[in-house]
1. One residue is enough: does the range 4-16 have a residue meeting the conditions crowded, with 16+ Cβ neighbours inside 10 Å, closer than 30 Å to Lys135 by Cα and basic (Lys, Arg)?
2. Please work out which residue is farthest from Ala60 (Cα to Cα), limiting yourself to the range 1-44 and to residues that are among the β-branched types (Val, Ile, Thr) and touching a Cys at 6+ places or on another chain (Cβ under 7 Å).
3. Is at least one residue of the range 206-213 surrounded by fewer than 20 Cβ atoms within 10 Å (Cβ to Cβ), touching a helix residue (DSSP H, G or I) at 6+ places or on another chain (Cβ under 6 Å) and under 15 Å from Met168 (Cα atoms)?
4. Select the helices (runs of 4 or more DSSP H) contained entirely in the range 59-171, then report the ones holding at least 3 residues which are under 19 Å from the mean Cα position of the chain (by Cα), assigned by TED's automatic domain parsing to the domain that holds Asp219 and not charged (D, E, K, R).
5. Would it be correct to say that Ala215 is in contact (Cβ under 8 Å) with a residue 12 or more places away in the chain, assigned by TED's automatic domain parsing to the domain that holds Ser154 and not charged (D, E, K, R)?
6. Would you mind telling me which numbered condition in (1) over 26 Å from Ala186 (Cα atoms); (2) touching a residue at least 24 places away in the same chain (Cβ under 8 Å) Ser80 fails?
7. Take the residues in the range 145-162 that are crowded, with 17+ Cβ neighbours inside 10 Å and of a type outside the set (A, V, I, L, M), then tell me which one is nearest to Gln244 (Cα to Cα).
8. If I go through the range 6-39 residue by residue, how many of them are among the small types (Gly, Ala, Ser) and in a loop (DSSP other than H, G, I, E, B)?
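The values are calculated or read from the model by the stated rules, or taken from the named source; none is laboratory data. This one's a predicted model, so the numbers in the text were calculated from it and none came from an experiment. Backbone-built Cβ (ideal geometry, glycine too); neighbour counts: all protein chains shown.
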Amino acid sequence: MTFSPAEAAERSEHVAPRLREHLPLTPFVRFGAFSDELGADVLVKCEHLQRTGSFKARGAMSKILTLTDEQRQAGVVTASTGNHGLGVGNALATLGGHGIVYLPENASPSKVAALRRLGLELRAEGNDSGVLEPKARAYAAEHDLARLDKLLESSATPLVKLRKLVKMYAPTGASKAWAMWIDGWAESMRVPELEAVSRRLDLRWKEGLMDVIVAGVKDGTFACDDAQGAAWRLVGLMDGLAVQVTVHNRVISRRQLSEWVRIAATRELGLAEDALS
């Protein structure tokens, strides 16, 4: 997502105190020759002195700090030619957690060695860095779908499955995954490999919800004569609300989002108002 300079400054001020707990400050140094040429003091930020040798350690640490212990242990996946991966590895080594990095086969040997020292799992994929992000997102999508499949294959009743599926999909609580997928949707308009990943993920969630609805209609729990339409409408509603709460901060509360989804689901499936409470 893109932020205005003011928004970026506000977010930086917000996260800076937490970053200082885990990363050293790097100094500003006067660039003498350039300063003399311009007739003004030009300062350079010595990011080569950062723990990973790059400014990217801060962005990675900032993101990893938003994850819970459980989320970090479940695993973080990223794509990098080196420096961002090192930032992710340093953050996970500091805070705890498991990480996978997709990188090109021709990545710098010194950076590959440094990534391994940080305990990261490395997956080399060709020499075109443009394929790395789709590969990483495909891995994340398969991980997401594995959770869905586990729920669908369980012995839970259709009503229980519906409750859990909506909770898994809707952007409630401290979920940060939606920002990644919104970025992925935007990129999918330009990158065919990403479009294929997002299409598979999107259709599988709709199919999963449709399967739950069909099972609920069959056992008499739900009353719905268009399972496919209901599934598409409910997922479409959750997608749209997810964009609102993820992109537009404080436009609506996550509690309000959950309530609207609950009301829509009970109406679509002929349930009592408190059935999903």
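1. No; the residues of the range 4-16 include none that is crowded, with 16+ Cβ neighbours inside 10 Å, closer than 30 Å to Lys135 by Cα and basic (Lys, Arg).
2. Per the stated criteria, the residue is Val29.
3. yes
4. Output list reads 132-152, 158-169.
5. yes
6. If we test Ser80 against (1) over 26 Å from Ala186 (Cα atoms); (2) touching a residue at least 24 places away in the same chain (Cβ under 8 Å), just (1) comes out false.
7. Lys161
8. Looking only at that region, the number is 1.
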